[in-house]
Amino acid sequence: MNFLFDNWMLIAVALASGVALIVPTLGKGSGLSPQDMVQLMNREKAVVIDVCSADEFAQGHVIGAKNLPLSELEAKLAQVVKNKATPVVMVCQVGARSARAAATAQKLGYENVQSLAGGLKAWQAANMPVEKV
């Protein structure tokens, strides 16, 4: 018992390290990889929706993506993607906004909506092409 009290800081660092190793693993199941997204785009003609602001979109985005900021998603998604069975991939800079956008689209009745895990940063890290406006 004295060991625990004498080395509490060492134990805290070990626990924090363990949590830091587990957290990224848990997040990987929450979206598409860049390679899976390319396959979905090519095989199933998925529509890519970039939910970043217009300024972020202009700085760089997935080729062929349509810009629909997260704040306008509920009001305008039906105009951009008319068929609710069409595969849709939401993209943002790091994946947080796109995950929220995917959940919103599912609530609106879209059947096949996914988010790009890691966002545009993961896309670029995988050496995938980006275009600028």
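The values are calculated or read from the model by the stated rules, or taken from the named source; none is laboratory data. Treat the numbers as computed from the prediction; the structure is a model and nothing was measured. All Cβ positions, even for glycine, are placed from backbone atoms using ideal geometry, and neighbour counts span all protein chains on display.
Residues of segment 117-127 being assigned to a loop (DSSP other than H, G, I, E, B) and surrounded by fewer than 19 Cβ atoms within 10 Å (Cβ to Cβ), which ones?
Initially, segment 117-127 is screened for residues assigned to a loop (DSSP other than H, G, I, E, B), giving 117-118, 126-127.
Those that are assigned to a loop (DSSP other than H, G, I, E, B) and surrounded by fewer than 19 Cβ atoms within 10 Å (Cβ to Cβ): Ala126, Asn127.
Is segment 29-36 home to any residue that is exposed (fewer than 11 other Cβ atoms within 10 Å of the Cβ), of a type in the set (Gly, Ala, Ser), without any contact (Cβ under 8 Å) to a residue 60 or more places away in the chain and more than 21 Å from Leu120 (Cβ to Cβ)?
no
Quickly run through segment 65-86 and pick out the residues that are in a loop (DSSP other than H, G, I, E, B) and surrounded by fewer than 17 Cβ atoms within 10 Å (Cβ to Cβ).
Answer for segment 65-86, where residues must be in a loop (DSSP other than H, G, I, E, B) and surrounded by fewer than 17 Cβ atoms within 10 Å (Cβ to Cβ): Lys82, Asn83, Lys84, Ala85, Thr86.
Restricting attention to segment 87-116, which residues are part of a loop (DSSP other than H, G, I, E, B), at pLDDT below 95 and small (Gly, Ala, Ser)?
Gly95
Go over the candidates Val91, Val113 one by one and state the one that is buried (at least 19 other Cβ atoms within 10 Å of the Cβ) and in contact with an Asp or Glu (Cβ under 7 Å, 6 or more places away or on another chain).
Only one candidate passes the filter, namely Val91.
Tally time: how many residues in segment 48-64 are among the aliphatic types (A, V, I, L, M) and surrounded by fewer than 21 Cβ atoms within 10 Å (Cβ to Cβ)?
4
If you scan segment 3-49, which residues turn out to be modelled with pLDDT of 95 or more, closer than 13 Å to Gly95 by Cα and in a helix (DSSP H, G or I)?
Pro34
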